[in-house]
Amino acid sequence: MITNDEFTAIETSLTNEVGHAPLDGTAFRQAIGDAVDAARYSDDSTADCRAHLEKLARNLKEVAGEVSWLMRQGALINATNFKYATDGRAREPIFETFQRIQGGQHDLTRFVECALSTLPDRSRGRPKGERPWGPVIFHLAQAYLVATDRRPGVSTIKDGMQKGGPFYRFVAVALPIVTGDTQAQIAASTLAAILRELRPHFADPGDDNAPDPEDLIEEDASTD
């Protein structure tokens with residue numbers, strides 16, 4: 001984790017950018033901590049993680065198949081419902097449970113697939129200089145959102161030839177701290193590309209006409 005002084009530096013940078021302290025200080029601190037975890041995840045135990053995730057993926061597939069089989073056993077279900085409903089425990093109707101399990105299984109399977117794709121493939125190596133910024137930016141964007149109640153974005157500055165803005169400057173301060181790498185930096189174009197991928201997560205429900213994060217305009221920003 002980072003020190004209190006390092007956290008204060010991140011918090012101060014955001015306050016200087018938006019003119020107020022984080023609106024939800026607890027959630028802001030949590031999101032910064034999550035960014036640290038994402039940045040400093042050690043892949044020393046990659047093989048162990050991969051084995052567990054692959055086993056979980058197999059088990060989820062097997063459970064999904066068995067639940068689908070049980071859902072088709074109408075006679076068994078109807079014969080069991082009396083005992084199920086009268087054994088002294090209040091429960092939801094069993095078919096609602098089936099539907100909830102199927103939905104949860106689908107989401108968990110997708111999460112496991114994403115987790116597997118996150119693990120480095122040592123058989124292929126890693127391109128020189130590659131930095132997986134996406135997981136870190138996700139949590140810094142979440143920190144910015146809970147602190148400001150504004151969608152994170154990369155602004156076009158003044159003449160339209162430069163990219164920057166308050167979120168970009170916040171990231172520029174936070175990134176070296178959460179990664180533990182004083183040389184860590186990210187280009188505005190890379191940050192904008194990551195935010196495009198994250199747009200569905202940070203968009204308001206029904207906000208289909210919201211501008212892309214990199215289309216936001218910061219007309220009064222400094223070009224320094």
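The values are calculated or read from the model by the stated rules, or taken from the named source; none is laboratory data. From a predicted model like this one, the values you see are computed outputs, not experimental measurements. As a convention, Cβ positions derive from the backbone with ideal geometry for all residues, glycine included, and neighbour counts pool all protein chains shown. Surface areas here come from the heavy atoms of the whole protein model, side chains and all, with no ligands, DNA or RNA. Shrake-Rupley method; radii C 1.70, N 1.55, O 1.52, S 1.80 Å.
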statement: Going through region 58-84 in order, the residues found to be over 30 Å from residue 132 (Cβ atoms) and open to solvent by 70 Å² or more (accessible area, probe 1.4 Å) are 62, 63, 66, 69, 72, 75, 76, 78, 79, 82, 83
- prompt: Give me the pairs: first residue in region 78-101 and under 18 Å from residue 68 (Cβ atoms), second residue open to solvent by less than 80 Å² (accessible area, probe 1.4 Å) and β-branched (Val, Ile, Thr), beta-carbon distance under 6 Å, and six or more apart or on different chains, which are they?
  reply: 101/67
Residues located in region 1-42, provided they are open to solvent by 40 Å² or more (accessible area, probe 1.4 Å), among the hydroxyl-bearing types (Ser, Thr, Tyr) and in a helix (DSSP H, G or I): 8, 12, 15, 26
field: Qualifying positions in region 85-125 - modelled with pLDDT under 75 and either loosely packed, with under 10 Cβ neighbours inside 10 Å or not in a loop (DSSP other than H, G, I, E, B) (or both)
entry: 88, 89, 90, 123, 124, 125
- line: So, first residue without any contact (Cβ under 8 Å) to a residue 60 or more places away in the chain in region 180-192, second residue assigned to a helix (DSSP H, G or I) and among the aromatic types (Phe, Trp, Tyr), Cβ within less than 9 Å, six or more apart or across chains; the pairs are 186/168; 188/168; 191/167; 191/168; 192/168
